[in-house]
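Participant: Here's a structure for you.
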Number of protein chains: 2
Amino acid sequence: MKIAVDAAGGDYFPENPVKGAVVAVKENKDLNVVLIGPEESILEELKNLDYPSDRISIQDAPQVIGMDESPAQAVKSKTASSIVVGLGMHQKGVIDGFVSAGNTGALMAASAFILGRLNGIIRPAIATFFPTIKGMGLMIDAGANLDAKPEILFQFGCMGNIYARDVMGIKTPRIGLLNVGEEKEKGTETLKKTHHLLEALPNFVGNIEGRDILSGQADVFVCDGVIGNILLKFGESIPDALNVLLAGVIRKKQLNTDQITLITSLLQEAFEPFDYQKVGGVPFLGVNGNSMVGHGGSSPEAIKNMILNAVKMVEKDINKKIIASVA
Amino acid sequence: MKIAVDAAGGDYFPENPVKGAVVAVKENKDLNVVLIGPEESILEELKNLDYPSDRISIQDAPQVIGMDESPAQAVKSKTASSIVVGLGMHQKGVIDGFVSAGNTGALMAASAFILGRLNGIIRPAIATFFPTIKGMGLMIDAGANLDAKPEILFQFGCMGNIYARDVMGIKTPRIGLLNVGEEKEKGTETLKKTHHLLEALPNFVGNIEGRDILSGQADVFVCDGVIGNILLKFGESIPDALNVLLAGVIRKKQLNTDQITLITSLLQEAFEPFDYQKVGGVPFLGVNGNSMVGHGGSSPEAIKNMILNAVKMVEKDINKKIIASVA
């Protein structure tokens, strides 16, 4: 099992990817990791760490794709970047998966272009974690496909189903379709047709309204990339907004230090499920490979979790199951 | 100035609509209110209240449209319902506006059907309040138009602009287009074209991402009815979800009663802007009249606020300004 880690992606490279990789190989004794990025900076980072050197190797890739670079442009022009080099190795079968906390757009473009689509898949999608009060849910698509036809949305449901079951460990994931009402005749023509197609899945629970997401009325939320992207970013913004609102109230009530500390610690703990920096990465589903992307601010622990999830994707043969499921 | 109030709509009728009407006429000495609904139950409710009887009248409408009734069906078959009777009076010019906490779908269908569209408006929309940390925003559309073309979304921006300025009192409302990225070339073809059209408004601030809604990067959020509806309901569900998450932490930490009271009161205050039962109603913009709908659970205060906003719509000649703005 050999997973490659982008050591030139994210807000804290090479430190966090390298540290995450080291923890991952210590946790999984069968795992080999290839660190891809500017060789010298990786060596510099590894110098201070204690790690099994027979299971961590380096692949030099001197070019760095910035977080805000235009994806298509970057992938085309920076052929010696960690993303292009890593996915090229994956396409040739040298590695079993590639994980990155780098430029999501570039990673998505390069994954689709270099790895290609799985047999039968119309469009790959980004499946992203979405916290609910009943545990972690999965939202698919989070922004890869903005205009999605019913057949494409149906395939998102199939792919999300398999990922939620085999990687997230939800025994029978409840698949829901985001819509404006519960009844099957609600929504646009696209949504009505998608509802009809999804009824072929025994664990489809029907339409899910906006109010039923956080309450966890489904495990997999199927939607187009516009809705998924807006909801994902909206959800991420809740803790900050609440902190601002609470700070106003705290000032007004003139609370003492103990009271403020209590509130702050409670909220921090309550919001832990929303901490995207800890969750690890999310997969591009539907590409012919195992490619994952994490939050730019991913901690070493998040990188480690992303690596171990990539291992699970390989071990559980997710892509073979996806092909069978949409056939 | 004569505003009609649906006294047979919402979860607490006739009590809340009648009480709200009484407070409204006391606050505004130039206001007359017609209570529309089953006459006897309205009289029964009024009996216990002190009110200026020369400015509150009753129009009998014995049929009641339930909150879950199919809108089109209800409007067609229940011609003696408060909604159909009230909007009919409005169409004939007997009253200046109609407000209801009843079945939103029925009210929307009846408003479009009985009042018709304003000159030049392609599709009416529901403009709904959306709280942000910088104050109350307006989201348009919240579910009236699921598939909206660029020209329609552009008109939503124009209508929201006027309502936010003249009724909500935001001097120069910042108009934003909900999208997956800030750059103007982001999003679907529809969103790109809408962006281009909205650039004609001097106070258009460009694309707004999901993370920029609660932080208040715009005052008016333009979107289609699917996105608006899902976001609105999602937003409404945040306080409950957070309460569940916090309750778990509170149990785990074994807090004492004082601490729990402190937390509860702080959160309640912080979430006040999210209390849809207090905010009052929202308008159907683009119909040839002044028609507003409130939350089913509207308190008397919410009904009163809705009535006074309808008065503002009339006084500020919102519809004339909308016609001019899209011409």
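The values are calculated or read from the model by the stated rules, or taken from the named source; none is laboratory data. Values in this document were obtained by computation on a predicted structure and should not be read as measured data. So basically every Cβ, Gly included, is an ideal-geometry build from the backbone, and we count neighbours across all protein chains shown. Accessible surface areas use protein heavy atoms only, side chains included; no ligands, DNA or RNA. Shrake-Rupley method; radii C 1.70, N 1.55, O 1.52, S 1.80 Å.
Participant: Just the number, please: buried accessible area between A and B, total of both chains, 1.4 angstrom probe, nearest 100 square angstrom.
Facilitator: In total, this chain pair buries about 4300 Å².
Participant: Moving on to the next point. Hey, can you grab everything whose amide H is under 5 Å from the amide H of residue A:59? Only 5+ residues off in sequence or another chain; H modelled, so Pro and N-termini drop out.
Facilitator: A:35, A:36, A:37
Participant: Is there a pair in A:2/B:186; B:134/B:233; A:19/A:312 whose C-alpha atoms are over 26 Å apart, and which pairs would that be?
Facilitator: Cα-Cα > 26 Å for A:2/B:186; rest within.
Participant: Moving on. Output the Cα-based Rg and Dmax of chain B in Å, rounding Rg to one decimal and Dmax to a whole number.
Facilitator: Every Cα atom of chain B included, Rg and Dmax give 20.5, 63 Å.
Participant: For A:260-271, what's the mean count of beta carbons from other chains sitting within 10 Å of each residue's beta carbon?
Facilitator: Partner Cβ neighbours, averaged per residue: 4.
Participant: Between segment B:155-195 and segment A:228-242, how far is it from one alpha carbon centroid to the other, in angstrom?
Facilitator: Distance between centres, Cα-based: 19 Å.
Participant: I've got another one for you. To the nearest whole number, what is the average tally of beta carbon atoms from other chains within 10 Å of the beta carbons of peptide B:237-243?
Facilitator: So the per-residue partner count for this stretch is 6.
Participant: Of the accessible area of chain A, with the probe set at 1.4 angstrom, what percent is carbon plus sulfur?
Facilitator: Heavy-atom surface of chain A belonging to carbon and sulfur, 1.4 Å probe: 49 percent.
Participant: Moving on to the next point. In Å², and per residue, what accessible area does the protein assembly as shown have when probed at 1.4 Å with the other protein chains present?
Facilitator: Per residue, the protein assembly as shown has an accessible area of 40 Å².
Participant: Do any residues of segment A:145-160 lose at least 10 Å² of accessible area when the full set of protein chains is present rather than just their chain alone, and if so which, with a 1.4 Å probe?
Facilitator: Checking the loss per residue gives A:146, A:147.
Participant: Output ³J(HN,Hα) for segment B:106-123: one whole-Hz value per residue in order, computed from phi by the Karplus curve 6.51 cos²θ - 1.76 cosθ + 1.60 with θ = phi - 60°, and x for Gly and Pro.
Facilitator: Each residue's phi maps through the Karplus curve to give 5, 5, 5, 4, 5, 4, 5, 6, 7, 7, x, 8, 5, 3, x, 7, 6, 9 Hz.
Participant: Need one value for A:188-198: mean number of C-beta atoms belonging to other chains within 10 Å of its residues' C-beta atoms.
Facilitator: Mean number of neighbouring Cβ atoms from other chains: 1.
Participant: Please list B:291, A:77, A:265 from largest to smallest accessible area, probe radius 1.4 Å, with all protein chains kept in place.
Facilitator: Solvent-accessible surface, decreasing: A:77, A:265, B:291.
Participant: Name the residue, out of B:250, B:303, B:122, whose mean-square fluctuation peaks in a Gaussian network model built on chain B with Cα pairs under 10 Å.
Facilitator: Among B:250, B:303, B:122, the largest mean-square fluctuation in the Gaussian network model of chain B belongs to B:250.
Participant: A follow-up question, please. Starting at the first residue of segment A:185-199, write each ³J(HN,Hα) from the Karplus equation 6.51 cos²θ - 1.76 cosθ + 1.60 with θ = phi - 60°, in whole Hz, x for Gly and Pro.
Facilitator: Once rounded to whole Hz, the list reads 8, 7, x, 6, 4, 4, 5, 5, 5, 4, 4, 4, 5, 5, 4.
Participant: Hey, another quick one. Given springs between every Cα pair under 10 Å in a Gaussian network model of chain A, which of A:137, A:160, A:187 has the largest fluctuation?
Facilitator: Its mean-square fluctuation being the largest, the pick is A:187.
Participant: Quick one: check the C-alpha center-to-center distance for segment A:121-141 versus segment B:257-293, whole angstrom.
Facilitator: Going from one Cα centre to the other spans 30 Å.
Participant: Could I ask something else about it? Test of the criteria: in segment A:151-205, which trypsin sites (Lys or Arg not before Pro) are in a DSSP loop and have at most 10 other Cβ atoms within 10 angstrom of their Cβ?
Facilitator: A:171
Participant: Now a separate question. State the percent of C-alpha pairs, over all pairs in segment B:215-285, separated by a distance greater than 21 angstrom.
Facilitator: More than 21 Å apart: 42 percent of the Cα pairs in segment B:215-285.
Participant: While we're here: Going through segment A:1-34, which trypsin sites (Lys or Arg not before Pro) have at most 10 other Cβ atoms within 10 Å and a DSSP loop state?
Facilitator: A:29
Participant: Rounded to the nearest 500, what is the 222 nm mean residue ellipticity of the protein assembly as shown from helices alone, with -39500 (n - 2.57) per DSSP H run of 4+ residues and division by all residues?
Facilitator: That calculation yields -14000 deg cm²/dmol at 222 nm.
Participant: Let me ask another. Run the numbers for residue A:12 and residue A:199: contour at 0.36 nm per residue of separation, minus the present Cα-Cα distance, in nm.
Facilitator: Taking 0.36 nm per residue and subtracting the Cα distance, the gain is 62.9 nm.
Participant: Please work out, to two decimal places, the log10 of the ratio I(q)/I(0) at q = 0.05, 0.10, 0.12 Å⁻¹ from a Debye calculation in which every Cα of the protein assembly as shown carries one identical scatterer.
Facilitator: Calculated log10 I(q)/I(0) at the listed q: -0.27, -0.95, -1.25.
Participant: Just to confirm the numbers: residue A:134, label point 7 angstrom along the Cα-Cβ line, distances to the other copies in nm, shortest first?
Facilitator: Label point to label point, same position, other copies: 3.7 nm.
Participant: One decimal, nm, shortest first: give the distances between the label point of residue B:196 and those of the same position in the other copies, each label point 7 Å from Cα along Cα→Cβ.
Facilitator: Its label point is 3.3 nm from the equivalent points in the other copies.
Participant: Right, next: How about segment A:191-283: which GluC sites (Glu not before Pro) there are in a DSSP loop, with at most 13 other Cβ atoms within 10 Å of their Cβ?
Facilitator: Hits after loop and neighbour filter: A:199.
Participant: Another one. How far is it, in nm, from the label point at residue B:73 to the one at residue A:80 when both lie 7 Å from their Cα along the line to the Cβ?
Facilitator: It is 7.0 nm.
Participant: Using the beta-carbon distance between residue B:117 and residue B:247 and R0 = 56 Å, what value does 1/(1 + (r/R0)^6) give for FRET efficiency, to the nearest 0.05?
Facilitator: 0.75
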